[in-house]
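One structure is given below, encoded as structure tokens.
The values are calculated or read from the model by the stated rules, or taken from the named source; none is laboratory data. Treat the numbers as computed from the prediction; the structure is a model and nothing was measured. Counting neighbours? That spans all protein chains shown, and the Cβs are built from the backbone with ideal geometry, glycine included. Remember, those area values only see protein heavy atoms, side chains included, never the ligands or the DNA or RNA. Shrake-Rupley method; radii C 1.70, N 1.55, O 1.52, S 1.80 Å.
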Amino acid sequence: MLELSVQAKSPAAINTAIKKIKEMISSGSVARTSPIHITLGPGIYRELVKYNLPNPLLLESVPGTKASDCVIQADNCEAFHHGAENRAVFVLGPNTTNVKIKNISIINLHNKTPDSELEFIPSDSAEALVWSSLSGTLFADGVRIEGRQNTLSLKGFSWFKDCRISGDVDFIYGDVDTAFFEECEIYLRDDNRGDFPGYAVKPQVLAGKPGFIFMNSRFTCEKRKKTRAFVCRTDGLGKSDSPKGWDSIAFVNCFFSENFDGELAWDDDMQKEIYPRGNAETGIREYNSKVVSKGGKVSDADTTRRNIKSYLMTEDDYFARYASRFLILHDTPFGEIE
């Protein structure tokens, strides 16, 4: 394993380390399969980072460091650089294989265009983290990912444990097979322009795949004055014969702020198609959802207002597929998880 220690006081410190790794691979002193371990010292790293090597990567802060004390941040967006892999703060490219990120923060500082009246502004798409590998695995442990629009873009297979992810519109999205969120906080923040609707997750899942699965996670939300806040929404692009664009998302033992709309999923008042209809394996589905009031009182969710295409899982569904992380991940490249 190649061990590298990086300090925030050095200019472009992380990129300098990645450049060094590339040179060592090109020279043959490091094999393309050798694991890479980069340790970040506390501080703020003001740079755009891209890692696109096949070498397995472990990127973490110095042991004992809080995620909030080790920050990679920049102001970047579609108006500055075109495409998700160019407008993000941290990009893990399509050649990556197995990546683990631990106890750091990744923040896109970009604020949306002040004078626009649109809910979604293409030029303000501003990812904090992009995972572009179709067959590799991304594991994020204790990571804080912060932005506004399109904060977290995912493909393939990913697992987030004890992470905090925030934004205001479609801030978790992607063409995923399986994206598993365990004991995470999903925080729908206010729009910097004022009282605009909010949407946390926009699932664009590969056809027939489990999609986004949230287990024992908390969905928190700043209260809107007149507009509404939804946990997820559709583009209405999923069809039985489409390879992607399916609305597949599961909520298992999750807690929702009372500030979220009881419909849970937005489909423009049924003007957009939600596909497929929820079932135990795909579609919009939930089990044992709870609502948290402003005062902290926890109660069973009132599911009578749920979108008509959503599905309430039974105990049989739960124990067959969702009662443990092993059941959720064992058919993925993560392999057998204890």
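Observations on the structure shown:
- Two-decimal log10 I(q)/I(0) for the stretch 128-242, as the Debye equation yields it once each C-alpha is a single scatterer, q = 0.10 Å⁻¹: -0.28
- Additional length obtainable on full extension of the chain from Lys297 to Asn86, 0.36 nm per residue less Cα span: 71.7 nm
- The stretch 165-222 versus the stretch 226-249: alpha-carbon centroid distance in Å: 12
- In this structure, the amide hydrogen of Thr137, modeled 1.01 Å from its nitrogen in the peptide plane, lies closer than 5 angstrom to those of Asn98, Val99, counting only residues at least 5 positions away or on a different chain.
- Farthest positive-ward along the chain dipole, Cα basis, beta-carbon charges - from Phe171, Val91, Met313: Val91
- 3J(HN,Hα) couplings calculated from phi for the stretch 76-84 with the Karplus curve 6.51 cos²θ - 1.76 cosθ + 1.60 (θ = phi - 60°) are, in sequence order, 9, 6, 4, 5, 8, 9, 7, x, 4 Hz; Gly and Pro show x.
- Mean shadow area of the stretch 49-201 over all directions, Cα convex hull, nm²: 8.4
- The Rg/Rh ratio of the stretch 10-67, with both radii computed over alpha carbons and Rh defined as the Kirkwood radius, is 0.98.
- The stretch 241-291 - Kirkwood radius from inverse mean 1/r over Cα pairs (Å): 12.2
- In the structure shown, the pairs Lys161/Lys209; Lys19/Lys112; Lys202/Lys225; Lys22/Lys244; Lys66/Lys161 are assessed against 25 Å; a Cα-Cα span above that value is assigned to Lys19/Lys112; Lys22/Lys244.
- Note, ³J(HN,Hα) from phi for the stretch 193-203, Karplus 6.51, -1.76, 1.60, rounded to Hz, x at Gly and Pro: 8, x, 8, 10, x, x, 9, 7, 10, 10, x
- One chain, two ends: Asp241 and Ala79. Fully extended at 0.36 nm per residue, the span grows by 54.9 nm beyond their Cα-Cα distance.
- Percent of alpha-carbon pairs separated by more than 19 Å within the stretch 54-115: 46
- Computed on the Cα trace of the chain, the radius of gyration divided by the Kirkwood hydrodynamic radius gives Rg/Rh = 0.97.
- Translational diffusion coefficient of the stretch 1-99 (Stokes-Einstein, Kirkwood radius from Cα pairs, 37 °C, 0.692 mPa s): 231 µm²/s.
- Estimated FRET transfer efficiency (Met270, Tyr318; beta-carbon r; R0 25 Å; 0.05): 0.35
- The chain - mean residue ellipticity at 222 nm from DSSP helices (-39,500 (n - 2.57) per run, n ≥ 4, rounded to 500): -2500 deg cm²/dmol
- Sequence-distant residues sharing a close amide H with Phe180 (under 5 Å, placed H): Ser158, Trp159, Phe160, Ile213
- Start at zero, step by 5 Å, and the Cα-Cα distances of the stretch 181-338 spread as 2, 9, 18, 22, 21, 16, 8, 4, 1, 0 percent across the bins.
- Taking amide H positions as modeled 1.01 Å from N, with prolines and chain starts lacking one, the residues under 5 Å from Ala229 and 5 or more places away or on another chain are Gly198, Asp261.
- Rolling a 1.4 Å probe over the heavy atoms of the protein chains gives the chain an accessible area of 43 Å² per residue.
- Distance-filtered residues of the stretch 270-302 - backbone nitrogen under 14 Å, label point 7 angstrom along Glu263 Cα→Cβ: 270-274
- Axis angle, to the nearest 10 degrees, between helix 13-27 and the longest C-alpha principal axis of the chain: 60 degrees.
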